[in-house]
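Here's the structure, in structure tokens; my notes come after.
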Amino acid sequence: RKEVEQDPGPFNVPEGATVAFNCTYSNSASQSFFWYRQDCRKEPKLLMSVYSSGNEDGRFTAQLNRASQYISLLIRDSKLSDSATYLCVVIVNQGGKLIFGQGTELSVKP
Amino acid sequence: EAGVTQSPTHLIKTRGQQATLRCSPISGHTSVYWYQQALGLGLQFLLWYDEGEERNRGNFPPRFSGRQFPNYSSELNVNALELEDSALYLCASSLVREGEQYFGPGTRLTVT
């Protein structure tokens, strides 16, 4: 079983749509959680950290459910520029190592 | 504020040669991390340096090594290059140990 699992997509949505990504992690010792976005052949860019209380940044909302070992990302009012691959990322215990999901591809169409 | 920088952008080597990749973290960041992203695969953790010391290492052979300098910049060395080492090598830095990691643009290594 992969340590971090995501639906690879692709998700094809029209502009203005709301889209939700889900992610599960297998190690209950996971302690830090993030969403990154990666454009084709570019480096991952940190979108947001994810906290148990949930957090929101503009059109983006992230939630963490430790009991279910589940992380989500909601994008409201999608823009063409949101088209990218969204990576669910965790850190387990200590050791600095980011563990990446395989990414979910999002394509926003006009 | 300048982000993480890496050099060179592209590197072409032949099998058996050695490659040296460089990374400068964001000013004030003391931790540097290295990742490999082979074509079509996810990012794999290589190494973590903090305060000049190697703190953690991923599942890679010993021919992957590196160091961190007193100014917190870092070098990744890959010896005895193999074709499957062809990948995008990404460096990231964080302000605190295991804090949010910010990535550089990467070095694309091609081994022929």
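Quick note: the coordinates plus some simple rules give every number you see, no bench work behind them. Treat the numbers as computed from the prediction; the structure is a model and nothing was measured. Every residue, glycine among them, receives a Cβ derived from its backbone with ideal geometry; neighbour counts consider all protein chains shown.
How would you rank A:Cys88, B:Cys91, going from fewest to most other Cβ atoms within 10 Å of each one's own Cβ?
So the ranking, lowest neighbour count to highest, is A:Cys88, B:Cys91.
Would you mind getting the Kirkwood hydrodynamic radius of the stretch B:7-64 from its Cα pairs, rounded to one decimal in Å?
Working: mean 1/r = 0.0753 Å⁻¹.
Over the stretch B:7-64, the inverse of the mean reciprocal pair distance is 13.3 Å.
Taking 25 °C and 0.890 mPa s as the conditions, I'd like the Stokes-Einstein D for chain B in µm²/s, using the Kirkwood hydrodynamic radius from alpha carbon pairs.
Translational D for this selection: 178 µm²/s.
From the mean inverse distance of alpha carbon pairs (Kirkwood) and the Cα radius of gyration, derive Rg over Rh for the stretch A:19-93.
On the way: Rg = 12.3 Å, Rh = 12.7 Å.
A ratio of 0.96.
Using modelled backbone amide H atoms (1.01 Å from N, in-plane), which distant-in-sequence or interchain residues come within less than 5 Å of A:Ser83's amide H?
A:Val108
Setting aside same-chain residues fewer than 8 positions from A:Lys2, which lysines have a Cα under 22 Å from its Cα?
Filter leaves A:Lys97.
Place +1 on the Cβ of every Lys and Arg and -1 on the Cβ of every Asp and Glu in the stretch B:1-72, take the dipole about the Cα centre, and give the residue among B:Pro8, B:Val32, B:Gly52 whose Cα lies farthest towards its positive end.
Of the candidates, B:Pro8 comes out farthest on the positive side.
In whole Hz and in residue order, list the ³J(HN,Hα) couplings for the stretch B:54-64 that follow from phi through the Karplus curve 6.51 cos²θ - 1.76 cosθ + 1.60, θ = phi - 60°; x for Gly and Pro.
Working through the residues one at a time gives 6, 9, 7, 9, x, 7, 10, x, x, 5, 8 Hz.
With θ taken as phi - 60° and the coefficients 6.51, -1.76 and 1.60, list the Karplus ³J(HN,Hα) couplings across the stretch B:100-112 in order, rounded to whole Hz; mark glycine and proline as x.
4, 9, 10, 9, x, x, x, 10, 8, 9, 10, 10, 10
For the stretch B:74-84, take each phi angle, set θ = phi - 60°, evaluate the Karplus expression 6.51 cos²θ - 1.76 cosθ + 1.60, and give the result in whole Hz per residue in order, putting x for glycine and proline.
Coupling constants for the stretch B:74-84: 9, 10, 10, 10, 10, 9, 6, 4, 10, 4, 6 Hz.
So what is the relative contact order of chain B, in percent, for Cα pairs below 8 Å that sit 6 or more residues apart? Could you put the intermediate results ahead of the total?
Numbers: 296 pairs, mean separation 41.4, N = 112.
It comes to 37 percent, rounded to a whole number.
Could you run the Debye sum over the Cα atoms of the protein assembly as shown, one equal point scatterer each and no solvent, and tell me log10 of I(q)/I(0) at q = 0.10, 0.13 Å⁻¹, two decimals?
Cα-only, vacuum Debye calculation for the protein assembly as shown: -0.45, -0.76.
Roughly how big is chain A's charge dipole about its Cα centre, with Cβ charges of +1 (Lys, Arg) and -1 (Asp, Glu), in debye to the nearest 20?
On the way: 12 positive and 11 negative charges, 37 e Å.
The dipole of chain A has a size of about 180 debye.
Report the antiparallel proportion of the DSSP beta bridges in the protein assembly as shown as a percent, rounded to a multiple of 5.
Here the share of antiparallel DSSP bridges comes out near 90 percent.
Across peptide B:37-43, what mean number of C-beta atoms from other chains lies inside 10 Å of a residue's C-beta?
Per-residue shielding by partner chains comes out at 4.
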